[in-house]
1. Which of these values of Rg and Dmax of the Cα atoms in Å was calculated from the structure shown: [x] 16.9, 51; [y] 16.0, 50; [z] 21.6, 71?
2. Placing +1 at every Lys and Arg Cβ and -1 at every Asp and Glu Cβ, with all other atoms neutral, what dipole size does region 26-147 have around its Cα centre, in debye to the nearest 20?
3. Place the peptides 171-178, 24-31, 114-121, 4-11 in order of packing, highest mean first, counting for every residue the other Cβ atoms within 10 Å and averaging per peptide.
4. Hey, what D do you get for region 86-158 in µm²/s if you plug the Kirkwood alpha-carbon radius into Stokes-Einstein at 37 °C and 0.692 mPa s?
5. Counting DSSP beta bridges with both partners in the chain, what percentage is antiparallel, nearest 5?
6. Quick one: Debye curve from the alpha-carbon atoms of region 39-152 only, equal weights, vacuum; give me log10 I(q)/I(0) at q = 0.13 Å⁻¹ to two decimals.
7. Along the charge dipole of the chain, which of TYR119, THR14, TYR138 sits closest to the positive end, that is, farthest toward it, with unit charges on the beta carbon of Lys, Arg, Asp and Glu (+1, +1, -1, -1)?
8. Relative to the Cα centre, what is the charge dipole magnitude of the chain, using +1 at the beta carbon of each Lys and Arg, -1 at the beta carbon of each Asp and Glu, and rounding to the nearest 20 debye?
Amino acid sequence: ITHGFDSDANGWVTAMAEAIPNYPSFPGDTFSIYKITLTNDGSSYSYVYELDNGILPFDTDSGQIIIKFDWSQMAGSPADVLDPFNDDTSTFVVAQLLYDVIAQPNMISDLNGHALVEYPIHLIGHSRGASLMNELSYILGTNGIWVDHLTTLDPHPLNNDGNEDLGFFPTDASASNTWANVLFHDNYWETLGSDLSLDPHGQWTDGAYNRQLY
């Protein structure tokens, strides 16, 4: 599960992660919630992970591993132009970096040499995070990996070709389509508020079950 522009993996991301085990059809009572944080020090990228809630994966009765992905240092914010330590990085770049992390067999030592991409995958992203997750689904597909479920929440960029947005944001991956390796894609979007609002509206996404929340 990941956030979008000017956000992080706290707040609603944590609330969603912790709500998943309460779903009536959740297959068990125990689970693992990890947080992966990706950062850029100006010359290289690095990640850290932590078991944020629950117990070790092989000790659970559900087998469910929930990941909160935090790329807040690179997701952009209104203060970026004044903050040399912040970075507004294209979702093309972040998606590839995230793939490199989750494809590592020793990335989470608690998995005893297994990579996260070996397990069934459900990707969830909001706004620019939906662009990131859609691009990640593409990268997984080019490596022969199926995505069981992709959920996009008010995806941004809107149904465009991934061109530069508003002249000062980086060029992001388009969130407008569904790749052939994605078994099910659901998309939730809204057009609430004024057209002059700085909050981008969502839009219909090709190949998905689309639901407008108005």
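The values are calculated or read from the model by the stated rules, or taken from the named source; none is laboratory data. Keep in mind that this is a model prediction, so the values were computed, not measured. When we count neighbours, we look across all protein chains shown, and the Cβ atoms used for this are built from the backbone with ideal geometry, even at glycine. Areas reflect the complete protein model, heavy atoms only, side chains present, ligands, DNA and RNA absent. Shrake-Rupley method; radii C 1.70, N 1.55, O 1.52, S 1.80 Å.
1. Given [x] 16.9, 51; [y] 16.0, 50; [z] 21.6, 71, the structure-derived one carries the label [x].
2. Working: 3 positive and 15 negative charges, 54 e Å.
It comes to approximately 260 debye.
3. Highest to lowest by the protection proxy: 171-178, 4-11, 114-121, 24-31.
4. Numbers: Rh = 12.8 Å.
The diffusion coefficient I find is 257 µm²/s.
5. Values: 10 of 32 bridges.
Antiparallel: roughly 30 percent of the beta bridges in the chain.
6. -0.55
7. Farthest towards the positive pole: TYR119.
8. Numbers: 4 positive and 29 negative charges, 84 e Å.
Magnitude of the dipole: close to 400 debye.
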